[in-house]
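One structure is given here, and the rest of the page talks about it.
The values are calculated or read from the model by the stated rules, or taken from the named source; none is laboratory data. No experiment lies behind these values; they were computed from the predicted model shown. Here Cβ is always computed from backbone atoms with ideal geometry, including for glycine, and neighbour counts include all displayed protein chains. Side chains included, ligands, DNA and RNA excluded: accessible areas come from the protein's heavy atoms. Shrake-Rupley method; radii C 1.70, N 1.55, O 1.52, S 1.80 Å.
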Amino acid sequence: MKTEFLSGEKPVKDGAANLQRGIETVGGWLYLTNQRLIFEAHAFNVQSGRTIIPLASITGARTCWTKFLNLIPLFPNSIAVATKEGTEYRFVTFGRQAWIDAIDGQTG
């Protein structure tokens, strides 16, 4: 992980993931800590960089569909993470229920 840990922050779970950013699905790595959900994009993506979601802002995580061009449902293999700010982040992960359980375990 390239993102530095905050004081008292500890890793909980990590794995390969894709993040839907507009019409592009960005490949990278997803990290769950006891304080944040962090997505770090691979450098070769058009949209690179990090997405950091403080756990305090997460209102829930649920299963959802991966969408082609962010419109057409393709596969039921994603998770949607909703925030208090009204933003929904969609991640394609392996073992999506384990991710949802881990997120709920940290935010619950």
Apart from one, (1) of a type outside the set (A, V, I, L, M, F, W, C); (2) at pLDDT 90 or above; (3) out of contact with any Gly (no Cβ under 7 Å at 6 or more places or on another chain) all hold for GLU40; the odd one out is (3)
Among the residues of the stretch 1-14, the number that are touching a residue at least 24 places away in the same chain (Cβ under 8 Å) and either open to solvent by 80 Å² or more (accessible area, probe 1.4 Å) or touching a strand residue (DSSP E or B) at 6+ places or on another chain (Cβ under 6 Å) (or both) is 9
So GLY22, is it open to solvent by less than 60 Å² (accessible area, probe 1.4 Å) and either under 11 Å from the mean Cα position of the chain (by Cα) or within 20 Å of ILE100 (Cα to Cα) (or both): no
Flagged in the stretch 25-39 as without any contact (Cβ under 8 Å) to a residue 60 or more places away in the chain, part of a strand (DSSP E or B) and open to solvent by 20 Å² or more (accessible area, probe 1.4 Å), in numbering order, are TRP29, TYR31, ARG36
